[in-house]
1. Which peptide among A:70-82, B:236-248 comes first, and what is the full order, when sorted by highest mean count of other Cβ atoms within 10 Å?
2. Can you tell me the dipole magnitude for the stretch A:191-323 around its Cα centre, using point charges on the Cβ only (Lys, Arg +1; Asp, Glu -1), in Debye to the nearest 20?
3. What is the P(r) of chain B, as percent of Cα-Cα pairs per 20 Å bin from 0?
4. How many partner chain Cβ atoms sit within 10 Å of a residue's Cβ in peptide A:234-242, on average, as a whole number?
5. Shortest first, in nm, what separates the label point of A:Thr57 from those of the same position in the other copies (7 Å along Cα→Cβ)?
6. Counting every Cα pair in the stretch A:1-115, what percent are over 24 Å apart?
7. At what distance in nm do the modelled label points of A:Val290 and B:Thr349 sit from each other, each positioned 7 Å from its Cα along Cα→Cβ?
8. When Cβ neighbours within 10 Å are restricted to other protein chains, what is their mean count per residue of peptide A:9-22?
There are 2 protein chains.
Amino acid sequence: MATSTQTPVRFGIIGCADIARKLCRAIDLAPNAVLSAVASRSLEKAASFARANNCSTEVKIYGSYEGVIEDPTIDAIYLPLPTSLHVKWALKVAQSKKHLLMEKPVAMNVQKFDEIAKACEENGVQFMDGTMWVHHPRNAKMREFLDDTELFGQLKRIHTYFSFASGDDFLKNDIRVKPDLDGLGSLGDTGWYCIRAILWAADYELPKTVTALPGPVLNEAGVILSCGASLHWEDGKVATLHCSFLESLTMDITATGTKGTLHVHDFVIPFQENEASFSTGAKCFFNDLVTGWTPLPSEHTVITDLPQEVRMVREFSCLVGDIKNGAKPESKWPIISRKTQIILDAVKTSIEKDLTPVTVEW
Amino acid sequence: MATSTQTPVRFGIIGCADIARKLCRAIDLAPNAVLSAVASRSLEKAASFARANNCSTEVKIYGSYEGVIEDPTIDAIYLPLPTSLHVKWALKVAQSKKHLLMEKPVAMNVQKFDEIAKACEENGVQFMDGTMWVHHPRNAKMREFLDDTELFGQLKRIHTYFSFASGDDFLKNDIRVKPDLDGLGSLGDTGWYCIRAILWAADYELPKTVTALPGPVLNEAGVILSCGASLHWEDGKVATLHCSFLESLTMDITATGTKGTLHVHDFVIPFQENEASFSTGAKCFFNDLVTGWTPLPSEHTVITDLPQEVRMVREFSCLVGDIKNGAKPESKWPIISRKTQIILDAVKTSIEKDLTPVTVEW
């Protein structure tokens, strides 16, 4: 986490998506951020969003995205628009020298993302995607375990799974099933998190090949509703992921090393806001008669004073503050967004090519 | 469970494998079974095994497998020999009209298993493989959840994983890494359980195709040390499995339905002998602001008076008792052994054929 003290970063929100309600609250709770403006394509919708979310009367209401982008008092934009609109608006944001916190998936493909990342770099603005769970303090604790050569050993295998049972209305009307909006479907939505979790566990080392698993489910418009993939690294590490809109809410990471195993069952959205748990087995084996385990795996709970999305806003705002004080943008964040998008693209390509393995290139 | 009252079934054990110690105790603890004889290729080894396991002085000691097979006072044989020896000795057991409780994997391939099953059927003896976990009362409780259309819905996905970190001595010397002994390696050992768990969750409906995953690890002799596979059913169900001798002790089933999710982390050998747990999520979803789950998943613990291997011996002995009273052998057990072996063969074939999908035929 960056650590500079600073005046609060002034945020504008573009678009009134459901997820924006959560970020509206997060910006309010973050000690170094303040919501300054809300923009929608209609003034009425923006005003209604501000009222519904108890925004201060000082928050400006814009009836166009351009309005907030051109507002010189705004430092940073939170952009939760549908994926297909990301490039257009992200470029305008960057070109107006505003820092960009953008919802995932970052783009329809890595070429599009590269346009965004280039614009941010050229304009000296911070880019971060809206993957909240990596900011939870639980994550640092899980990382400690994975890095522990004595208890966890060498990483060998990762399995991640994120599904939710979306229901008929969602499957008919949600932007995440529309090819011209969030056209990457469940791969772009829940799959994004699975891929990020795999890369996180692998210390962001890219696999060599990605192969989609048999049985992807696509809707009539060709949008992925459910799919799986297998990833394979040169050193023998393997991973599987499964993402879906068609199965009960499930949110797993299993990471296995030569000595230890990590399990977490709510990695994207912890069961409860103020605490989150994970379990570890370290050097477990069968007892002598193979009638039980010794030692037993153990459960670890991490309390957090601030919800993970608030910590994300705080981290982003710290970086923005540092830039105001002369620092350069932190390149780690666009790099891990890009890596995630590269794997996402590879899964999609493998599905399109009848499940043939796709070689991953940076 | 069969329910006849009976005189105890008299067991002979062929071979003094490590696992035989556990069964020796299980036969002792089962209310309807008694250990009558122990056989090894050397009289001294058999006697030493009997002493080490505190067998009663009434237990006969045989210095040859034939001795116990030909003993007319023995009702049933527990056969934990290496897989490659199963056919030879299982046929002799069946032909001498003795019931057969045999360790997994049941055979080197399904054709070999069919010889065993045919011999058992022709001689009217019960066959059961040594998969213990399905006899744990936890299993019946988990089954209830999977069958609950209101809480679990329709099964969509299964993931199973069983690995243990075997160590250098095992990887050099254990019979499970020797092509001429337990030549199916980790697929035959830990993979057997993963496959059985998938079939169990799917109500023993066979998948349409089986495809091995990238990255199988074989030793110099060509024995599988670690591999994965993807299974696909005609109705869209999918499953993945991973089995290994190279990763930390991990033992997972995740089964996901349209409404519910089941997790268990010690499905083969429960953490503790007298109780076992699993967790279920039913109709879970995000709360309004997507900052938590509602309702939360719940944990269920099942107490057992008898360890799972004792319940296996009891069930097997009940069936033998029923046969003594005129019933026919229970065909369910050889059928699920055969299904498990068919999938095991398909994974092996897919690995041998460069990960091409293998069509499953009964």
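The numbers here are math on the coordinates, done by the rules we state, and not lab data. Since the model is a prediction, treat every value here as computed from it, not as a measurement. Every residue, glycine among them, receives a Cβ derived from its backbone with ideal geometry; neighbour counts consider all protein chains shown.
1. So the order, starting with the most tightly packed, is B:236-248, A:70-82.
2. 320 debye
3. Taking all Cα pairs of chain B, the binned fractions are 29, 58, 13, 1 percent.
4. Going residue by residue through A:234-242 and averaging, the value is 4.
5. Spelled out, the distances from A:Thr57's label point are 10.0 nm.
6. 21 percent
7. 2.9 nm
8. Whole-number average of other-chain Cβ neighbours for A:9-22 is 1.
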